[in-house]
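The values are calculated or read from the model by the stated rules, or taken from the named source; none is laboratory data. Given the structure is predicted, the values throughout are model-derived calculations rather than measurements. Because the Cβ atoms are built from the backbone with ideal geometry, glycine has one as well, and the counts that use them run over all protein chains shown. The protein model used for the area step is the full one, side chains on, heavy atoms only, and it has no ligands, DNA or RNA in it. Shrake-Rupley method; radii C 1.70, N 1.55, O 1.52, S 1.80 Å.
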Amino acid sequence: MGKYYWFIGFIMVFMGVTMQAQDFQGKAVYQSKTQVNFDFGNRNIPEDRKKEMMERIKRANEKTFVLNFNQTASIYEEEEKLEQPGERGGGRGPRFGAMAGTDGDLYKNIKDQRYLIKNELLGKIFLIDDELESLEWKMGSESKKIGNYTAFKATATKTIKRPNMSAIFRRSGRGEDNNDDEKKGEEFVIKEVEIVAWYTPEIPINQGPGLYWGLPGLILAVNDDITTIVCSEITMNPSAKIEIKAPSKGKKVTQAEYDEIAQEKMKEMRENFRNRGGRGNGRPN
C-alpha cells in the first residue's frame, strides 16, 4: 500500500510539471456499450419481429467515441457508423442518449468546471450549458493493464437520471390496471448507482469519457449499472495540433431545462404511440 501511494505522489508531482507544457494534448478512442432491457408490454408482435427490433436497439447503443484533450479542456464526439447493406433505417433503434442530452458533442472545461453539449432532440438543436458534477471518488490500490497503461481503480456513487424508453412503447389494454400502467409510464428513471472507473496516472490529466472527470489521470474505463466504456486507442502529442472548440450552435438551456423539455416530448411520443397502437393492434409492417 505504501508503494502505491508513493507512486501516486510521484505521478502528481510529475503531472504538475508536465501540465505546463504548451503542446500537451492527446486523442483517446472509446468503445461504449449499453445494455437495454426493452419491455414490449402487451403488444401483439411476432417473436421474430421482436428479435429484429432488439438487435437494432442493441446496435444503436454500441458506439465509438473520440476524446480530444489538452491541459484544461476536451471534446468528446461520437464516430458516425456507416449503414450496413440491407439494414433498414441504418440500424437505428431508440437512442437513450438523445433524451438524456448526452448523445451530442460534449465539451468539458476542467478549469471552469463547466460543460457544453450540442444535442439534437426530434429535429431541434439544443446547447446544454451547465456545471460539471464533482463525484466523491474513493481511490483504491487495485490495478490492471488497459492496453499499454497501468490503470488504478476508483469508485463513486452517482445519482443517474435516464429516460424510460420502454414507457413510450407500452400501451394500455384489456386486463391491465390503468393506474399501474401510469406508474410504469414514468418518463425518467432516477436511481443511485456505483460508478467504477479505471484511470492511469501515466497520462496526467483529470479528464475522461462522457461527463466523467476528477481523477489524477486519464480515465481509461468506466461503467455504471448498464453502460461500459473502454478505451481502445490512445495517441499522445500528435504531430498535427488538435483543435478543441466548444460547440456554439443551438438553443442554450441548462441540464434541468433540457430534461423538462425531453420529458414533455416523451409524454407526447407515448400518447401518439398509444393512439396509433390502439388502431393498428401492433401488427408488423
Residues of region 114-143 being farther than 21 Å from GLU77 by Cβ and either open to solvent by less than 70 Å² (accessible area, probe 1.4 Å) or small (Gly, Ala, Ser) (or both), which ones?
SER134, LEU135, TRP137, GLY140, SER141, SER143
List every residue pair whose Cβ atoms sit under 7 Å apart, with the two residues 6 or more apart in sequence or on different chains, where the first one lies in region 233-251 and is closer than 30 Å to ILE261 by Cβ and the second, anywhere, is in a loop (DSSP other than H, G, I, E, B) and open to solvent by less than 40 Å² (accessible area, probe 1.4 Å).
ILE244/ASN70
What number of residues within region 46-61 satisfy the criterion of being of a type in the set (A, V, I, L, M), free of Cβ contacts under 8 Å to residues at least 40 places away in the same chain and open to solvent by 40 Å² or more (accessible area, probe 1.4 Å)?
1
I'd like to verify a number: residues in region 204-214 that are under 18 Å from the mean Cα position of the chain (by Cα) and of a type in the set (A, V, I, L, M, F, W, C), how many?
2
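A quick yes/no check of all residues on (1) open to solvent by less than 30 Å² (accessible area, probe 1.4 Å); (2) more than 21 Å from LYS111 (Cβ to Cβ):
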position	(1), (2)
TRP198	yes, yes
PRO201	yes, no
ASN206	no, no
PRO209	yes, no
GLY214	no, no
ILE219	yes, no
ASP225	no, yes
VAL230	no, yes
ASN237	no, no
Can you find a residue that is open to solvent by 70 Å² or more (accessible area, probe 1.4 Å) and modelled with pLDDT of 95 or more anywhere in region 259-270?
no
